Amino acid sequence: MNTTQNNDLAARDAHYLWHPYTQHKTAAPHIAIQRGEGALLWDDKGKQYIDAIASWWVNPFGHSNKFIADAIYKQLTTLEHVLFGGFTHEPAIQVAEKLKEILPSNQQKFFFSDNGSTAVEIALKVALQYYYNKGKKRTKIIAFENAFHGDTFAAMAASGISFFTEAFSGSLIEVTRIPVPVAGQEEASLDALKELTKTNDYAAFIFEPLVQGAAGMVMYAPEALDTLISTCKDNNIFTVADEVMTGFGKSGKNFACDYLTAQPDMMCLSKALTGGTIPMAITTFTQELFDGFYDDDVNKALFHGHTFTANPTGCAAALASIQLLQQPEMQANIQRINQQHLAFQAKIAQHPRIKTTRVLGVIFALELKTESKESYYGGLRNKLYNYFIDKGVILRPVGNIIYILPPYIISDELLSEIYETIASAIEEVH
Ligand SMILES: *Cc1c(COP(=O)(O)O)cnc(C)c1O
């Protein structure tokens, strides 16, 4: 068969491709997207979709964004890539200088990698090796229940969504989980942490600040996190804010940590960093952490790197994205979406099928009442997903939780269409 003459992309895909989080035996044929513009995508049959989750939270400024594309083109035709071992370049330096301006003031050193999981991997390795370099035995990590930090081994160990990680449970670094301090659970969470501080076993506490994305946009208050962070500081446990999802405006501020009084020791950034164009991540550190590796002894260095570390083209995309984020119009968009979410919440929250609703920044989530706990990829979840796709709205419910996380440039009209589709799903999908 000459596949290039077969225009059925889903069929050609099925010959060779293995998709993420997919049971291929039961999955529907994959939808072939051919074009994107702003908050919209079009498939190979010409059907239009609203990208209501910014393509897994990466795309705040719209698909095929010309400003970022121009920056990438300019960089590609100047210096597309150069190794970062022994060499440096202006785009990487500029990204660091720019981030220094907008991150919590204690973040001082920046390490580039390629995705959220590696950003987390690096943070956890730095915490463990910091103590190793000092000759201290702190080898365990603290994380929240139902956390998601990525799919590589250390990130997976820190993640608490069990069916994602079950198969590897014997091979993971040791992680102890504490309850998420959602309303009513603040004390239980703090008590559990305090219990762990009685030993000197723990190197770091990693958390998704204020919103647990993959758990279904589970939200908790900054005051609760402040208390946990300061408890860790008092006990020499490094804190890692995984802002891979929340970073770059999603929470209504540049970073979810901007709601805090305390400052984390490390931060993980990726997803929206390059406006959804080029895979890139950055782990950021305090001077203290960097100094734990700074020594005449070469063995104390951080022996971690990736071939594409600080790729100049990715850096150019990141710089353009941060410029877009800082435009007053973009900040106004974030506030506009937040207001629309709050209005929709007020309208729908009392519906008899709805258990709870929550909003932070551009994130809206509602939880449907169910008889039993709906599983992550359960029956109701699949019916809802298919209903939304049929209506041309890309939403990926997590169990019985429906959430919206749109690109910031989405129009009020398209936002209303998303709300109406969700409202009708609540009436029609059982
Ligand atoms: C998506 C995500 C990750 C993993 O990022 P990848 O780029 O998919 O490896 C890690 N942490 C959080 C909070 C995320 O949302």
message = Condition first: in contact with a strand residue (DSSP E or B) (Cβ under 9 Å, 6 or more places away or on another chain), within 16 Å of the ligand (Cβ to nearest atom), more than 22 Å from Asn106 (Cα to Cα) and not hydrophobic (A, V, I, L, M, F, W, C). Can you find one or more residues in the stretch 163-179 that meet it?
response = yes
ask   = For the stretch 233-245, what are the residues that are free of Cβ contacts under 8 Å to residues at least 40 places away in the same chain and touching a strand residue (DSSP E or B) at 6+ places or on another chain (Cβ under 6 Å)?
value = Thr239, Ala241, Glu243
inquiry  = With the requirement that a residue be open to solvent by less than 50 Å² (accessible area, probe 1.4 Å) and touching a residue at least 24 places away in the same chain (Cβ under 8 Å), what does the stretch 39-54 give you?
reply    = Ala39, Leu40, Leu41, Asp44, Tyr49, Ile50, Asp51, Ala52, Ile53, Ala54
query = Does the stretch 143-156 contain any residue that is aromatic (Phe, Trp, Tyr), in a loop (DSSP other than H, G, I, E, B) and buried (at least 18 other Cβ atoms within 10 Å of the Cβ)?
reply = yes
Selection from the stretch 127-142 of residues that are open to solvent by less than 20 Å² (accessible area, probe 1.4 Å) and assigned to a strand (DSSP E or B) = Ile141, Ile142
ask   = For Ala343, are the conditions met, namely being open to solvent by less than 10 Å² (accessible area, probe 1.4 Å) and either in a loop (DSSP other than H, G, I, E, B) or modelled with pLDDT of 95 or more (or both)?
value = no
key: Residues of the stretch 215-254 that turn out to be among the hydrophobic types (A, V, I, L, M, F, W, C) and part of a loop (DSSP other than H, G, I, E, B), as a count   = 7
query = Do any strands (runs of 3 or more DSSP E) lying entirely in the stretch 22-126 carry at least 2 residues that are aromatic (Phe, Trp, Tyr) and within 16 Å of the ligand (Cβ to nearest atom), and which ones are they?
reply = 109-113
inquiry  = Condition (residue is farther than 23 Å from Gly399 by Cα and surrounded by fewer than 19 Cβ atoms within 10 Å (Cβ to Cβ)) applied to the stretch 204-216: is it met by at least one residue?
reply    = no
inquiry  = Can you confirm whether Leu319 is open to solvent by less than 10 Å² (accessible area, probe 1.4 Å) and either more than 16 Å from the ligand (Cβ to nearest atom) or assigned by TED's automatic domain parsing to the domain that holds Gln94 (or both)?
reply    = no
query = In the list Phe238, Phe255, Phe248, which residue meets the criterion of being away from the ligand (no atom under 13 Å from the Cβ), hydrophobic (A, V, I, L, M, F, W, C) and at pLDDT 95 or above?
reply = Phe238
key: the stretch 268-291: number of residues that are within 11 Å of the ligand (Cβ to nearest atom) and either among the acidic types (Asp, Glu) or not in a helix (DSSP H, G or I) (or both)   = 6
key: Subset tally (residues that are within 14 Å of Phe293 (Cα to Cα) and under 18 Å from the mean Cα position of the chain (by Cα)) for the stretch 125-148   = 0
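For every residue, the table says whether it meets (1) without any contact (Cβ under 8 Å) to a residue 60 or more places away in the chain; (2) in the same structural domain as Phe238 (by TED's automatic domain parsing).
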site: Gln287; (1), (2): no, yes
site: Tyr294; (1), (2): yes, yes
site: Asn311; (1), (2): no, yes
site: Ile337; (1), (2): no, no
site: Ala343; (1), (2): yes, no
site: Ile363; (1), (2): no, no
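The values are calculated or read from the model by the stated rules, or taken from the named source; none is laboratory data. Since we're looking at a predicted model, the values are computed, not measured. FYI the Cβ positions are ideal-geometry reconstructions off the backbone, even for glycines, and counts take in every protein chain you see. With ligands, DNA and RNA removed, areas are computed over all heavy atoms of the protein, side chains included. Shrake-Rupley method; radii C 1.70, N 1.55, O 1.52, S 1.80 Å.
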